[in-house]
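**Q** Take this structure, written in structure tokens, and hold onto it; I'll ask about it next.
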Amino acid sequence: MGRYAQVVVGPAGSGKSTYCFAVQNYLGANATRLPALVVNLDPGQERTEEQEEKQPFDADVRDLISVSDVLEELDFGPNGALVFCMEHLVDNMEWLKGEIDAVGGSDDEYFIFDCPGQIELYTHIPVLRTLVERLQSWNFHVCVVHVIDALFIDDTSKFISGALLALTSMLNLQAAAVNVVTKCDLKKETLGGGRRRRPRAGVNTIGYHFDEATGTQGALARLKALEEEEERLKQLGQLDDGDFGNNDNDDDDAATSGDNADLAYAFGDEEGAAEKNGAGADEEEDDEFLNVDDPEYFNPGTHMLRAALEENTVAPKLRELSESICEVLDNYNLVNFIPLDITSESSFEYLMAHIDAATQYGEDLEPRDPGAEEQEEAEDSLQNDAKAAALNE
Ligand SMILES: Nc1nc2c(ncn2[C@@H]2O[C@H](COP(=O)(O)OP(=O)(O)OP(=O)(O)O)[C@@H](O)[C@H]2O)c(=O)[nH]1
């Protein structure tokens with residue numbers, strides 16, 4: 001099937017470790033997928049004992065070197081110590097290969113690498129680039145997952161800085177990339193919480209369907225498509241006024257047990273995950289998906305900054321610079337964000353579809369003729385009959 005790797009980068013506190021383990025839970029609960037192994041590559045990683053016990057890393061760079069070791073023994077500050085550790089890791093890539101082979105050691109593997117958040121590691125120091133290249137040379141299909149906190153893009157200027165950060169990492173790491181907005185469950189709470197009615201088929205994928213135009217310029221197109229679909233469904237009488245974007249607590253009661261399962265899903269409670277994935281799961285409960293709430297929020301695009309420029313709400317001194325930044329983002333037309341609500345299975349499904357496309361997941365599978373299995377069984381049975389006949393003679 002192949003070797004796959006997600007290299008998870010993003011600013012400190014953006015939710016990288018939480019994301020890694022949530023993806024591990026998601027893949028672990030799905031019998032048709034390769035289970036994921038999580039490798040910590042942050043020598044300054046600080047998790048509580050309880051977290052380490054509940055979901056330990058499968059391999060950990062701190063077994064090679066840690067920031068605290070360097071701080072103790074060398075005269076460095078915390079940032080210098082981290083850079084020293086990462087350079088030491090790059091000089092000892094055979095150690096990493098050994099760890100990967102020890103916990104994985106097969107041709108079909110799925111690894112998730114939790115990287116440090118210091119921006120210099122993927123802007124002007126080539127350590128993460130080297131790491132990605134090495135993984136590729138070990139036959140991994142690599143996808144860089146750049147995570148950004150939902151609260152980080154709460155206003156236009158923060159969004160622009162997040163988008164530039166994502167663009168920088170995409171350009172420097174030179175691998176397939178997916179940008180993810182994490183902590184969207186918090187955004188959902190800001191919007192008023194409560195369960196929304198399950199979106200009707202065809203409605204919930206429009207905002208972020210990955211066949212739609214991508215890139216920052218695509219945001220407007222997506223928003224327009226969503227509005228047109230809303231209008232169309234209204235005309236067909238399939239949509240009540242309250243269905244789009246508004247809170248709808250109709251099915252709060254029905255969803256109560258699903259809520260627990262959702263959280264369990266994200267945070268590693270196997271029973272909860274089993275309940276969620278089991279046959280008894282209520283169909284209505286498991287398909288809450290955020291993108292109908294506020295598409296513009298999750299994919300704001302440079303048009304927001306342009307609108308601010310037109311409204312003269314940007315300081316005159318920054319006007320020209322802001323316009324140039326919009327131009328860079330629009331011209332590259334590369335940066336696109338996918339929202340992730342770790343409490344929603346459909347949100348994971350949607351994100352994984354992107355990551356699978358980026359890593360070409362499963363494309364190494366040999367094509368099989370329909371009916372090949374039956375033919376093999378028939379041949380086996382013929383051979384067994386022949387053996388039995390030979391023994392009897
Ligand atoms: N509600 C919610 N909280 C989250 C989510 N992701 C992360 N958090 C919280 O955000 C905080 C930081 O999360 P981490 O996963 O440690 O972030 P990180 O990017 O690995 O942090 P560093 O290792 O310091 O770079 C923790 O308190 C998490 O519980 C999320 O999707 N939803």
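**Q** In the stretch 39-47, is there at least one residue being more than 16 Å from the ligand (Cβ to nearest atom) and open to solvent by less than 40 Å² (accessible area, probe 1.4 Å)? First the steps, then the outcome.
**A** First, the residues of the stretch 39-47 that are more than 16 Å from the ligand (Cβ to nearest atom): none.
No, that holds for no residue.
**Q** Ok, one more. Spot the failing condition for residue 121; the list is (1) open to solvent by less than 10 Å² (accessible area, probe 1.4 Å); (2) more than 13 Å from the ligand (Cβ to nearest atom); (3) among the aliphatic types (A, V, I, L, M); (4) within 25 Å of the chain's Cα centre (by Cα), and only one is missed.
**A** Failed condition: (2).
Here is a yes/no grid of residues against (1) away from the ligand (no atom under 16 Å from the Cβ); (2) over 26 Å from residue 177 (Cα atoms); (3) under 25 Å from the mean Cα position of the chain (by Cα):
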position	(1), (2), (3)
3	yes, no, yes
6	no, no, yes
13	no, no, yes
17	no, no, yes
26	no, no, yes
34	yes, no, yes
49	no, yes, no
93	yes, no, no
101	yes, no, yes
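**Q** Additional query: So, residue 322, is that one among the polar types (S, T, N, Q), more than 30 Å from residue 19 (Cα to Cα), modelled with pLDDT of 65 or more and open to solvent by 30 Å² or more (accessible area, probe 1.4 Å) or not?
**A** For residue 322, the condition - among the polar types (S, T, N, Q), more than 30 Å from residue 19 (Cα to Cα), modelled with pLDDT of 65 or more and open to solvent by 30 Å² or more (accessible area, probe 1.4 Å) - is not met.
**Q** Also, quick follow-up: Do any helices (runs of 4 or more DSSP H) entirely within the stretch 1-109 hold 1 or more residues that are touching a Leu at 6+ places or on another chain (Cβ under 6 Å), and if so, which?
**A** On the way: elements: 16-28, 49-54, 67-73, 78-91, 93-103.
The helices (runs of 4 or more DSSP H) meeting that bar are 67-73, 78-91, 93-103.
**Q** Looking at the stretch 295-302, can you tell me whether even one residue there is closer than 24 Å to residue 149 by Cβ, in contact with a Phe, Trp or Tyr (Cβ under 6 Å, 6 or more places away or on another chain) and modelled with pLDDT of 80 or more?
**A** No, the stretch 295-302 has no match at all.
The values are calculated or read from the model by the stated rules, or taken from the named source; none is laboratory data. These numbers were taken from a predicted model, which means no experiment stands behind them. For neighbour counting, all protein chains shown are included, and Cβ atoms are generated from backbone atoms with ideal geometry for every residue, glycine included. Just so you know, the surface numbers come from the protein's heavy atoms only, side chains and all, with ligands and any DNA or RNA stripped out. Shrake-Rupley method; radii C 1.70, N 1.55, O 1.52, S 1.80 Å.
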